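Visitor: Following this message is one structure expressed as structure tokens.
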Amino acid sequence: MAAAPTLSQTAHAVSSGQLSAAEALDACIARIEATEARVNAFTGTRFEAARAQAARVDAMRARGEPLGPLAGVPFAVKNLFDIAGEVTLAGSKVNRTNPPASADAVLVQRLEAAGAVLVGSLNMDEYAYGFTTENSHYGPTHNPHKLGHVAGGSSGGSGAAVAARQVPLTLGSDTNGSIRVPSSFCGVWGLKPTFGRLSRRGSFPFVASIDHLGPFADDVAGLALAYDALQGPDPLDPGCFATSVQPVTRSLGLGVQGLRVGLLGGYFVEHASPPARNAVATAAAALGASATVEWPDAAQARAAAFITSASEGGALHLQRLRTQAADFEPLSVDRFISGALQPAAWYLRAQRFRRVYRDKVNALFRDWDVLIAPATPVAAPAIGTEWIDINGQRFPCRPSIGLLTQPISFAGCPVVAAPLWPSGTGGLPIGVQLIAAPWREDIALRAGWALAQAGVAHTREPAL
């Protein structure tokens, strides 16, 4: 079977008339039907509605009307995004009795306005509280590159659907690493934008003060296209701080020319396995980076992120926990309950620390434009793994997968997760984080483009 066209290739083929939107969608549906029983990325599909969307794109082209930049590109969304007429599950059993959404989430609307075609909703950790998508309600999502292994989480379905070539574009959320971890484990591109960059209206929350929404894609050019389509102010979302659209696609080709690139040491070396360190070394060599940079207070930031997540998540679900605790995911219910019982003083202390921490992080970018770190300490573990080894130390698996992502999102910095394939992982990928100053997604994406052009960051066909 020939390799499926990437996101950017599909967008170009449809816009140029080489491929119809209906043909692109049919290929996508066939791939989902051929692989989904093994991957379990989707919790719902809407193929008939998608066919109607694709037909509208093709009719516009037949009439000579201008097409959007994502015309005919199939996409799917983590099931915490509202889809009009469907119940927003957020990975839970509890939500099944909620009324259907009355409108699409803002980011879904923006992708559809750009011509993209929505094909379904994707599996996730319940209420986004997890790093593995071992969901007991909807089944675990399997890593397309090694089916007995996790896809990462909480946006595991989003990462796996792209890696399995089911769709070239998905949406996910990232509070503590939930875009970057599946990107790393599944070997796809992911973008966690600056905190407050993209509208969250129409998505089910987890931790309002840390939640980010963003795209996954099978190539970096497509990731940039999708990000440009997702941008824009939203005066109805008090958590969206963007005041304008700042396109990135046209600047990709600049690469890292003129940029100061460093690699994170200390904490980010100590908590990275040899293959993860090798991935960073490969990326650093390709980007001409040799200087080591110390990220301030990483361990404390991770602790503060845990406290914040537990407190806000527990408070959000307090009434559900009181009345429906037995219906919660066994892997998350105890953490929600303990979060609801945390002393308020802990939360307040974490927020005081966060203000000082952000100032320290932002000061780093006076001297650096891009900082490189591993996205995960190890490659994807087997489903059901309870413990992992990192440099001779034993760590609990599920929380420790976020060791390297939590400090970054707690500062709100934009990060591109780039897929690398170091040796020593049994053929599994490990991603690297390309971290830039707040509001400089363009720089992180330029670094990703440079890694792709150097041939060191790329997706691979899965062994399905």
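The values are calculated or read from the model by the stated rules, or taken from the named source; none is laboratory data. All values derive from a computational prediction rather than experimental measurement. Please note: Cβ atoms are built from the backbone with ideal geometry, for glycine as well, and neighbour counts cover all protein chains shown. The area values use the complete protein model at the heavy-atom level, side chains included, leaving out ligands, DNA and RNA. Shrake-Rupley method; radii C 1.70, N 1.55, O 1.52, S 1.80 Å.
Visitor: Can you confirm whether R335 is basic (K, R) and either free of Cβ contacts under 8 Å to residues at least 60 places away in the same chain or touching a strand residue (DSSP E or B) at 6+ places or on another chain (Cβ under 6 Å) (or both)?
Guide: In short, no.
Visitor: Residues that are under 26 Å from G157 (Cα atoms) and surrounded by fewer than 20 Cβ atoms within 10 Å (Cβ to Cβ): does segment 238-248 have at least one?
Guide: yes
Visitor: Given the conditions (1) farther than 14 Å from F42 by Cα; (2) in contact with an Asp or Glu (Cβ under 9 Å, 6 or more places away or on another chain); (3) of a type in the set (A, V, I, L, M, F, W, C), and given that L147 satisfies all but one, which numbered condition is not satisfied?
Guide: Here L147 clears every test but (2).
Visitor: In segment 88-97, is there at least one residue being among the basic types (K, R) and open to solvent by 10 Å² or more (accessible area, probe 1.4 Å)? Show your work before the answer.
Guide: Just the residues of segment 88-97 that are among the basic types (K, R), to begin with: 93, 96.
Now drop any that are not open to solvent by 10 Å² or more (accessible area, probe 1.4 Å), which leaves 93, 96.
Looking for residues that are among the basic types (K, R) and open to solvent by 10 Å² or more (accessible area, probe 1.4 Å), one finds at least one in segment 88-97, hence yes.
Visitor: Filter segment 319-339 down to residues that are assigned to a helix (DSSP H, G or I), open to solvent by 60 Å² or more (accessible area, probe 1.4 Å) and not polar (S, T, N, Q) and give me whichever is farthest from R349 (Cα to Cα).
Guide: So, considering only residues that are assigned to a helix (DSSP H, G or I), open to solvent by 60 Å² or more (accessible area, probe 1.4 Å) and not polar (S, T, N, Q), the one farthest from R349 (Cα to Cα) is A326.
Visitor: Considering each residue of segment 256-309, count those that are more than 22 Å from the chain's Cα centre (by Cα), more than 30 Å from Y347 (Cα to Cα), aliphatic (A, V, I, L, M) and buried (at least 18 other Cβ atoms within 10 Å of the Cβ), and give that number.
Guide: Selection size over segment 256-309: 7.
Visitor: In segment 193-231, which residues are out of contact with any His (no Cβ under 9 Å at 6 or more places or on another chain) and either free of Cβ contacts under 8 Å to residues at least 24 places away in the same chain or among the small types (G, A, S) (or both)?
Guide: Across segment 193-231, the qualifying residues are S199, G202, S203, A208, S209, G214, A217, A221, G222, A224, A226, A229.
Visitor: Name the helices (runs of 4 or more DSSP H) wholly within segment 1-84 that hold at least 3 residues that are at pLDDT 95 or above, within 22 Å of the chain's Cα centre (by Cα) and within 30 Å of P99 (Cα to Cα)? So that I can check it myself, show each step before the final result.
Guide: Details: elements: 7-16, 21-39, 47-62.
Answer list for segment 1-84: 21-39.
Visitor: Further question on the same structure: Say whether the condition of being in a loop (DSSP other than H, G, I, E, B) and open to solvent by 10 Å² or more (accessible area, probe 1.4 Å) is met by at least one residue in segment 175-185.
Guide: Scanning segment 175-185, I find at least one residue that is in a loop (DSSP other than H, G, I, E, B) and open to solvent by 10 Å² or more (accessible area, probe 1.4 Å), so the answer is yes.
Visitor: So which residues in segment 412-464 are touching a Pro at 6+ places or on another chain (Cβ under 7 Å), of a type in the set (G, A, S) and surrounded by 24 or more Cβ atoms within 10 Å (Cβ to Cβ)?
Guide: Those that are touching a Pro at 6+ places or on another chain (Cβ under 7 Å), of a type in the set (G, A, S) and surrounded by 24 or more Cβ atoms within 10 Å (Cβ to Cβ): G431, A436, A444, A457.
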